[in-house]
Amino acid sequence: MSAILAIIAQVKFLKKGSNRDQKLKILREAQLLAKMHHPNILGLLGIVRSQTVGIVSEFMPLGDLNRFLRKRGPDSGMSGGEGGSEAQLGQLGLEDLLNVAIQVGSGLKYLSDRRFVHRDLATRNCLVGENLTVKIGDFGMSRDIGNGKLELPLRWMPPESIMYGTFSIQSDVWSFGVVLWEIFSYGKQPWFGSSNDEVLQLVINGQMQRRPAGCPRSVYNIMLATWKARPENRIPVWNVLYLLHEAMSNVSTYREVQEADPETDA
């Protein structure tokens, strides 16, 4: 008698009206992702091919990282979240935020080692499971889903992507810096208070986002190192991971400094 294995999965379908080229591109990308296996990469379980194309992936019960951060941040009562069990668990601490950042970085390093460019790295495209497990998902697929209109994530894009449409491992590093800013801001929108047109000019003119409240100076310096104007000058992913692990090992020191003098950076 054969055993039956039950797996909870989620399916994401291309919207109606997608053309043949869009379908083929998604299928090629899905086939490539099916070969990737990493604890911080969303597992691709299969492909549905009928009148439209569907991507079958593992189910992450706590949803996307952006909403999760807002529900577990200091302003959770103001973020418009729906509540839920995770909203009752209190604010995420510094170790939790560093843990999340390291997991996203580990997933990105795995992709970059295989010369795979995500193109749309953001907390909204990372998913959260039990025990604060975080996985990168939505590998640029959302860029091709819809009626042919391309919506660019300007607030996560480096100058060369904005001006020339160039995406690379180095552009993913820039986006990872913005993801770090999102994590330590508990899910706030990058460049909040500025329009997309204003953000475009700010990025092109070399403006940097300010350090989030409570974010260690060492972590903010990592963000700044990812936001170098020239792609070749940006810190590599492996180095970001090393520095994040170093920051994790210094959490107790940072706390002691903050308790002694709340105005002091660490």
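Yes or no: the stretch 169-181 includes at least one residue that is closer than 15 Å to LYS228 by Cα and not in a helix (DSSP H, G or I).
Within the stretch 169-181, none of the residues are closer than 15 Å to LYS228 by Cα and not in a helix (DSSP H, G or I).
If a residue has to be of a type in the set (Val, Ile, Thr) and either modelled with pLDDT of 95 or more or surrounded by 18 or more Cβ atoms within 10 Å (Cβ to Cβ) (or both) to count, how many in the stretch 108-123 make the cut?
Number of matching residues: 1.
What single numbered condition from (1) of a type in the set (Lys, Arg); (2) in a helix (DSSP H, G or I); (3) free of Cβ contacts under 8 Å to residues at least 40 places away in the same chain fails to hold for ARG155?
(3)
Which residue pairs have Cβ atoms closer than 6 Å, lie 6 or more positions apart in sequence or on different chains, and pair a first residue in the stretch 201-223 that is under 16 Å from ARG234 (Cα atoms) with a second residue that is of a type in the set (Phe, Trp, Tyr) and in a loop (DSSP other than H, G, I, E, B)?
Close Cβ pairs (under 6 Å, with a partner that is of a type in the set (Phe, Trp, Tyr) and in a loop (DSSP other than H, G, I, E, B)) amount to MET208/TRP227.
For the stretch 124-150: of the residues being over 11 Å from the mean Cα position of the chain (by Cα) and at positive phi, which is modelled with the lowest pLDDT?
Within the stretch 124-150, the match that is modelled with the lowest pLDDT is GLY146.
Under the condition of being in a loop (DSSP other than H, G, I, E, B) and out of contact with any helix residue (DSSP H, G or I) (no Cβ under 9 Å at 6 or more places or on another chain), which residue from the stretch 65-76 is modelled with the lowest pLDDT?
Within the stretch 65-76, the match that is modelled with the lowest pLDDT is ASP75.
Starting from the stretch 18-40, keep only residues that are under 24 Å from MET60 (Cβ atoms), then list their pairs with residues that are modelled with pLDDT under 75 and assigned to a helix (DSSP H, G or I) whose Cβ atoms are within a distance under 9 Å, requiring at least 6 positions of separation or different chains.
Final answer for the pair search is ILE26/MET141; ILE26/ASP144; GLU29/MET141; GLU29/ASP144; ALA30/MET141.
Being assigned to a loop (DSSP other than H, G, I, E, B), at pLDDT below 95 and not aliphatic (A, V, I, L, M) is true for just one of PRO212, PRO262. Which residue is that?
Matching residue, one of PRO212, PRO262: PRO262.
Looking at the stretch 1-46, which of its residues are in contact with a helix residue (DSSP H, G or I) (Cβ under 8 Å, 6 or more places away or on another chain), at pLDDT below 75 and part of a strand (DSSP E or B)?
LYS12
The values are calculated or read from the model by the stated rules, or taken from the named source; none is laboratory data. What you see is a predicted model; the values in this text were computed from it and never measured. Neighbour counts run over all protein chains shown; Cβ positions are idealised from the backbone, glycine included.
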